[in-house]
Every structure is written in C-alpha cells, then in structure tokens.
Amino acid sequence: MLQGKKILLGVSGSIAAYKAAVLTRLLIKAGAEVKIVMTPAAKDFVTPLSLSTLSKNPVLVDLAENDSWANHVMLGRWADVMLVAPLSCNTLSKMATGLCDNLLMAVYLSATCPVVVAPAMDEDMWHHASTKANLKKIMSFGNIVIPVENGELASGLFGEGRMAEPENIVNWLGSFFLQKKELAGKKILVTAGPTFEPIDPVRFIGNHSSGKMGAAIAEELQKRGAEVTVVLGPSGIILNSGIKVINVKSAGEMFAACDAVFPETDIAIMSAAVADYTPVTTATEKIKKTEKALSVELTKTKDILKHLGAIKKPQQFLVGFALETNNEKEYAIGKLESKNADMIVLNSLNDAGAGFGHDTNKITIFDKKGNVFPFETKSKKEVAIDIVNTIIQQLHAKN
Ligand code: CTP
C-alpha cells in the first residue's frame, strides 16, 4: 500500500509513543522506507534502539551526535511525508509557534513535504482552548491532522484524545497517497529567478528576483502529480528532488533552454524576471577604469514568452507574469494579447508585500475570456496554490 514511499516519522513524548514501534513495523510491512526522529522526552516511552531495529535506520534525537551534525534540512527534503505520531501537546504548541529547541522541531520547520500529525493526549487537554487554537494554527500552515479516537486513555478515563490506532494511521496514509493528482501525466515548464547579462568576465546586469515564486509554483505542481522542469536563472534556490532543473545564466541561455523543452510540454509558466536588454558585446577581458565615463550599448533580448506564444499549439497552455508599477490592468491585458498567453499573473509593485525578495505576494490573474481573479496578500506558497488551482480550472474550462 505504501510501496516506495519515504516516511519521516517524528515521535514526541506522549504515552502513546510506545505505539510508534507497532506503527513503524506496519509502515515497513506496507512497503514504506522509514526514518525516525524522536524528541528527547519520547525516549522515556520507547527506546531509540527498538525503533532503529524496526525501521532498519538509525534513529535521530539530537541536532549533533558523535560530533556530526544531523542534516535536518535534507531529512525534510528526503521524505514524501513527515508523520508526527504521537503528537504531544508540548510539540503541538512548539509547531504552532515555531519554537525550534530540538531536532524534531528543526526537521519540522525545514520540511518541504506534507506534514501529517496524529495527536495523542488526555481528553481534558484535547478539549482545552489552547490545544484547539494550536491545531487550528498548524492546519492554517497546511499541516494535516489525523483525527483522534475515542477510548481508554492513559489517565484511566474514557473519552476523546487517543492517538489513532497504528493500523488506521497506515490506512489513512494509503488513501492520502492515492488522492487524485490533478496534474498527473502533465509535463510542465517553469522559468524562475533572474537572468544575468554579462558585460565582461566579472560584471553583469541583473535584477533582484529571488526565484522564490517560481520555486513555490514548481513544488506545488509537483505535489499535484506533474512532471516539472524548471529553467532556473542564477539563484540560491534548491528545488525538491524529482523536479528537473536546467541552470542558465543569461536571457539567451534561458531562451535556448525553453525553446528546446517547450515542444514536449503541456503547460509553460514564465515566472522568471528575464532581462529585457543585454550588452551588444561582452568584453573578453575585465574592463579597466581608465575612462571617466563608460557607456554599455544594450540590445533587446529575445522575448521568451512571446516566442512560445507564437509557436504554441492549441492544446498547450501558456502563463505569463507581469510586474507593473502603473496602469497595471491595462498592461496585463495587453501582454495577454501581444504574447498570445492563456493567462497573465499580475504582481503590482504598488501592493505592500508583493514582488521581489518578499516571502509574500499579491496577485491578480487575467484570462483570455476577460475574467479577472484578484487575490489577497499571501505567502508565496499559498499564492502558488492559487495559481495552480486557477490553471487547473482554466484547463477544465478549455476541455
Ligand atoms: N519575459 C520573457 N522574455 C523576456 C522578457 C520577459 O519571457 N525577454 C516574460 C517574463 O518571464 C514574464 C513576462 O514576459 O512572464 C512579462 O515580463 P515583463 O517584465 O512585464 O516585461 P515585458 O513583457 O518585456 O514588458 P514591459 O517591459 O513592457 O513591461
């Protein structure tokens, strides 16, 4: 049922931690690969030795062990899902506030995969207003909660708060992975980041694009089952494994890469901030500061979006971005037509929290039929979800 799935199990300090051993066994039996991170408190309820024996992998508890650093970033990127089971009240409150005082929390905060939690606590704790508020908060981050069960509790009382039985958690994960992937089988090209136009071997003309928006879109598309290729300008962004990355530097290189990939794609999303102009010539040696003034002659770069719009087949779907400071709506609609795009995502630099470098963005989407979809200021991850949802709606409307 979970053949080949990579599950990162986070065990926190609740009496239900003893069930982590059965859970690990069942996950392995279902075909999953399991790595385990425990909080120090969880060790009081189940031993790392039991869990490492059952998972066939070392169990990590501390940020550094035997003088070597546990790479929490890579663990979160390795997993298809991070499952925190049991989730104690204490770990829940840390997740809600981002308190990073142990390895499990560091992994949680750096995880790029979906995070699923199975809470376990006594009934009164479960019903406490702070527990409810914390659960609501982590759900607003996109975390998914496996409902607690009714039954005998560690206190001897009967009621709500029992961690879901390991069998039920495994079945829950099975259906989670089976969920319909709306973009399965679709090949999608995303451009992201800036381009650097070389003046000489050490200097270039660039821009402040971080590539974060394009990366968030690529990762959301991957979650929906698409086969994603990112043509990435110079940027420190690291994309999830499984996403194909073609690194480029200049607008010319980005053009060539997109031109090669586009014929095989179903959807192309041009979120890169491509330089509009590039130096006519690139000096082969570093330009010395001998002259009082220096002029660099620039020429227009090839417009990738326009080129793809011109060669686009009817079944292909093309999305462009527009970053404007004035007459936003008019320019965005103009670009839709002049570049033969199916959809334009407008960022207005007039909106607080939108544009380069921010972790948030505020967009308005324009489609060919004249529909306008305005969105609130949101995190770039949430904006990516809105963009991908709108593309899916547009594809449905087209077919
Ligand atoms: N774009 C592109 N190739 C270029 C320039 C831009 O593919 N050489 C794409 C961008 O990735 C974006 C869209 O075109 O999807 C809009 O870019 P924008 O910054 O608005 O620039 P222009 O279209 O060139 O328009 P203007 O400078 O007039 O605003």
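Here are some notes:
- Hits in the stretch 1-22 (condition: open to solvent by less than 70 Å² (accessible area, probe 1.4 Å), assigned to a loop (DSSP other than H, G, I, E, B) and not basic (Lys, Arg)): Leu2, Gly4, Ser12, Gly13, Ser14
- Scanning the stretch 272-298 for residues that are in contact with a helix residue (DSSP H, G or I) (Cβ under 7 Å, 6 or more places away or on another chain) and near the ligand (Cβ under 8 Å from one of its atoms) turns up Ala272, Val274, Ala275.
- From the options Gly193, Gly206, residue that is outside the structural domain of Leu23 (by TED's automatic domain parsing) and crowded, with 22+ Cβ neighbours inside 10 Å: Gly193
- Criterion applied to Ile138, Ile146 was being in the same structural domain as Leu75 (by TED's automatic domain parsing) and under 18 Å from Gly13 (Cβ atoms), and the one residue passing it is Ile138.
- Whenever a residue of the stretch 268-283 is of a type in the set (D, E, K, R), its partners that are open to solvent by 20 Å² or more (accessible area, probe 1.4 Å) and assigned to a strand (DSSP E or B), lying with C-beta atoms within less than 8 angstrom and at least six residues away or across chains, give the pairs Asp276/Lys300.
- Of the residues making up the stretch 42-62, those that are β-branched (Val, Ile, Thr) and under 19 Å from Leu87 (Cβ atoms) are Val46, Val59, Val61.
- Of everything in the stretch 272-298 that is surrounded by 10 or more Cβ atoms within 10 Å (Cβ to Cβ), in contact with a strand residue (DSSP E or B) (Cβ under 9 Å, 6 or more places away or on another chain) and among the β-branched types (Val, Ile, Thr), the residue that is nearest to Ala192 (Cα to Cα) is Val274.
- The lone exception for Ser235 - which of (1) open to solvent by 50 Å² or more (accessible area, probe 1.4 Å); (2) within 16 Å of the ligand (Cβ to nearest atom); (3) part of a loop (DSSP other than H, G, I, E, B) it fails: (1)
- Qualifying positions in the stretch 299-315 - more than 9 Å from the ligand (Cβ to nearest atom) and loosely packed, with under 15 Cβ neighbours inside 10 Å: Thr299, Ala310, Ile311, Lys313, Pro314, Gln315
- Looking across the stretch 284-307, just one residue is in contact (Cβ under 8 Å) with a residue 40 or more places away in the chain and within 19 Å of Ile217 (Cα to Cα), and that is Ile304.
- Lys381 vs. criteria part of a helix (DSSP H, G or I) and at pLDDT below 90: yes
- Qualifying positions in the stretch 101-125 - open to solvent by 70 Å² or more (accessible area, probe 1.4 Å) and of a type outside the set (Asp, Glu): Leu109, Met125
- Subset of the stretch 255-271 (residues that are open to solvent by less than 50 Å² (accessible area, probe 1.4 Å) and either within 14 Å of the ligand (Cβ to nearest atom) or not assigned by TED's automatic domain parsing to the domain that holds Phe196 (or both)): Phe255, Ala257, Cys258, Val261, Phe262, Ile267, Ala268, Ile269, Met270, Ser271
- Among the residues of the stretch 216-257, those identified as closer than 30 Å to Leu178 by Cβ and out of contact with any strand residue (DSSP E or B) (no Cβ under 6 Å at 6 or more places or on another chain) are Ala216, Glu219, Glu220, Lys223, Arg224, Gly225, Ile238, Asn240, Ser241, Gly242.
Here's the yes/no breakdown for (1) modelled with pLDDT of 95 or more; (2) among the polar types (S, T, N, Q); (3) buried (at least 17 other Cβ atoms within 10 Å of the Cβ); (4) more than 22 Å from Phe45 (Cβ to Cβ):
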site	(1), (2), (3), (4)
His127	no, no, no, yes
Ala133	yes, no, no, yes
Ser140	no, yes, no, yes
Leu153	no, no, yes, no
Leu157	no, no, no, no
Gly161	no, no, yes, no
Leu178	no, no, no, yes
Val202	yes, no, no, yes
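- Looking only at residues in the stretch 316-351 that are of a type in the set (Phe, Trp, Tyr) and near the ligand (Cβ under 9 Å from one of its atoms), the one that is surrounded by the most Cβ atoms within 10 Å (Cβ to Cβ) is Phe321.
- Residue check, Ile169 at pLDDT 90 or above, within 17 Å of the chain's Cα centre (by Cα), farther than 16 Å from Cys89 by Cβ and among the hydrophobic types (A, V, I, L, M, F, W, C): no
The values are calculated or read from the model by the stated rules, or taken from the named source; none is laboratory data. The structure displayed is predicted, hence computed values, not measured ones. Glycine gets a Cβ as well: all are built from the backbone with ideal geometry, and neighbour counts include every protein chain shown. Areas reflect the complete protein model, heavy atoms only, side chains present, ligands, DNA and RNA absent. Shrake-Rupley method; radii C 1.70, N 1.55, O 1.52, S 1.80 Å.
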